[in-house]
Structure formats: C-alpha cells, structure tokens
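Accompanying notes for the structure given below.
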Amino acid sequence: MNNKSHSLNHLAIIMDGNGRWAKKRHLPRFVGHKHGMETIRTIALAANELGIKVLTLYAFSTENWGRPVDEVKYLMRLPIDFFDKFMPELMENNVKVNIMGFRDEIPDKTYQIMEKAMAETKDNTGMVLNFAFNYGARKEIVSASQKLAKKVKDGSLMPEDINEKVFAEELLTASLAPYDNPDLLIRTSGEERLSNFLLWQLAYSEFEFTEKLWPDFNAEDLKELVADFNNRDRRFGKI
Ligand code: IPE
Ligand code: IPE
Ligand code: MG
C-alpha cells in the first residue's frame, strides 16, 4: 500500500555550515553562529506554523568541546543571547522550550538561562522547541544502559523485561513521547552524516539534505523539503 498520509510531527535538524558561511565572507566563525541564531528564530516560527509538534535542533554536540576555546565560549553564550532576544516571541507563539543534553561541563550561567526558559514556557501548549545542547547519541545510549543496569542490580527490573519500550524510556527523548522519534531529519550545508545525533531515534526517519548553509536556510527552503517528505512512501519494513 502506498501510504502517503503520514504526518510530520517531529522534525529534527542538524544545523550545519555557520563557519563556512562566515569564511565565505572573510568573517570570523562566530559571526556565522550569530546569524545562525536568527535562522533558529525563523525556522522555529515557520515550523510552528506548519503544525509541527516537536522541532529538535542540534546546537552543540559532545564532540564540539574539541573546538578552539574562544569558539566554545561563544557557543556557550548563544543560548543566553537567544533567550534574551526571543523569549517574548516564543511566549506569544505558545512555544514550549526543552533542553536535551548533558549537564556536565555546561557553564552555570548558560545552564541557568536554559532552565529559566524551560520553566517560563512549561505551560505553553504549542510546538516543543527542543535544543540538543551538549548532546551525543553514544553517550545517551551508554547512560541509558547504566540506568537500566542499576535497576537490575537493585532488583526493580529483570533483564528479560528490558525491551525497546523500556530502553527508550531511559533516553533523553523520553519526555517527547509519543513524538520521541523524528519523522524527518534535515541536515544543511551539504554534509551527509549523523555526527552522533539521535542514533536510536532516527532508525526509521526520512532524511533530507540541502546544500544551503544554516545562516542562509529559510522558511521557503523548509517548506520545499517538507513537501518532498510528504511525497515519500514510508513503509516501515512492510510492503
Ligand atoms: C554548525 O555550524 C554549528 C555548530 C556545530 C555549533 P559549524 O560551526 O559546524 O559550521 P561549519 O561546518 O564549520 O561550516
Ligand atoms: C554537528 O555538526 C553538530 C551540530 C550541528 C551541533 P559538526 O559540524 O560539529 O559535525 P562534523 O564535525 O562536521 O561531523
Ligand atoms: Mg559543521
């Protein structure tokens, strides 16, 4: 059966190409990140309008700590700038903020502003804007395994009771259920790899890649990719 009536509930995006965008203009990399922040606003509002329930944005990976200290510092400041600037608009649009990642290593000030954004928007009932920040899928899977191992050790879980559902409940996406698995993944900038993003959750997602660099990506681009997704046939192993 050709099932094209699937809906786009969860969209995940690997926002890539900020550095190259800046380099093309002979500007320092941070300028690309600054413009990328504006794109986040544009795309979040566009996704909200498209009726998407969860928008997950890969903002900082567990591997990004390996970048030059000044760049890392700037990336740790971006959430502060972002919420300072866009919080009123997120409220107006009923957007609920979620932060998904590991607390360790994130500077207190950055962490506090993210907690504040989550607290202030917790009663909003519109789209969930989910930032993957200090996120890494392998770390997430290892951490889930540790949590399950502890439950087995203290006797509250039997090894034979571990199944896909039980496992998924220990992942960082658990709170997004029933939309914990993205329907569509977009990566900008022409790179075609996952870079340690949502390895479990993307098992049956559709992928779209675009050459556009993240600061150049706009609502029109998003709509085109979504239209393409809507024409696809998702079979989930069936025929
Ligand atoms: C994406 O842009 C933003 C982050 C990874 C934080 P990049 O900074 O990776 O830009 P390129 O890939 O170097 O162009
Ligand atoms: C992936 O982009 C991480 C984010 C978008 C936050 P990178 O630019 O860090 O990935 P690689 O190094 O090209 O794989
Ligand atoms: Mg990159």
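The values are calculated or read from the model by the stated rules, or taken from the named source; none is laboratory data. The model shown is predicted, which means the values in this text are computed figures rather than measured ones. Cβ: placed from backbone, ideal geometry, glycine included. Neighbour counts: every protein chain shown. All accessible areas refer to the heavy atoms of the entire protein, side chains included, with ligands and DNA or RNA removed. Shrake-Rupley method; radii C 1.70, N 1.55, O 1.52, S 1.80 Å.
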For residue 24, counting only aspartates and glutamates whose alpha-carbon sits under 15 Å away and dropping same-chain residues fewer than eight positions off, the answer is 16, 211, 216
log₁₀ I(q)/I(0) of the stretch 41-180 at q = 0.14 Å⁻¹, via Debye over equal Cα point scatterers, no solvent, to two decimals? -0.74
For residue 122, counting only lysines whose alpha-carbon sits under 25 Å away and dropping same-chain residues fewer than eight positions off, the answer is 53, 85, 96, 109
26 Å tail of the calculated P(r), the chain, as % of Cα pairs: 40 percent
Could you state the per residue volume, in Å³, of the convex hull enclosing the Cα atoms of the stretch 99-232? 160 Å³
Rounded to the nearest 0.05, what FRET efficiency do residue 69 and residue 25 have when you use their Cβ-Cβ distance and R0 = 41 Å? 0.95
Between residue 81 and residue 199, what length comes free when the chain is fully extended (0.36 nm per residue of separation minus the Cα-Cα distance, one decimal in nm)? 39.5 nm
Over the chain: helical MRE at 222 nm, DSSP H runs n ≥ 4 each giving -39500 (n - 2.57), nearest 500: -13500 deg cm²/dmol
Could you check how much of the accessible area of the chain is carbon and sulfur, as a whole percent, using a 1.4 Å probe? 52 percent
Hydrophobic long helices for the chain, i.e. whole DSSP H runs reaching 15 angstrom or more by Cα along the axis with Kyte-Doolittle mean at least -0.5, come out as 29-49, 69-92, 219-230
Once the in-chain neighbours fewer than 8 apart are removed, the aspartates and glutamates whose Cα is under 14 Å from residue 165 read 180
Run the numbers on the chain and let me know its relative contact order in percent, using alpha-carbon pairs under 8 Å that are six or more apart. 30 percent
Just subtract the alpha-carbon distance of residue 105 and residue 120 from 0.36 nm times their residue separation and send over the number in nm, one decimal. 3.0 nm
For residue 112 and residue 141, compute 0.36 nm times the residue count separating them, minus their Cα-Cα distance, and round to one decimal in nm. 7.9 nm
Using a basic spin-label model with each label point 7 Å from the Cα along Cα→Cβ, how many nm lie between residue 156 and residue 89? 4.2 nm
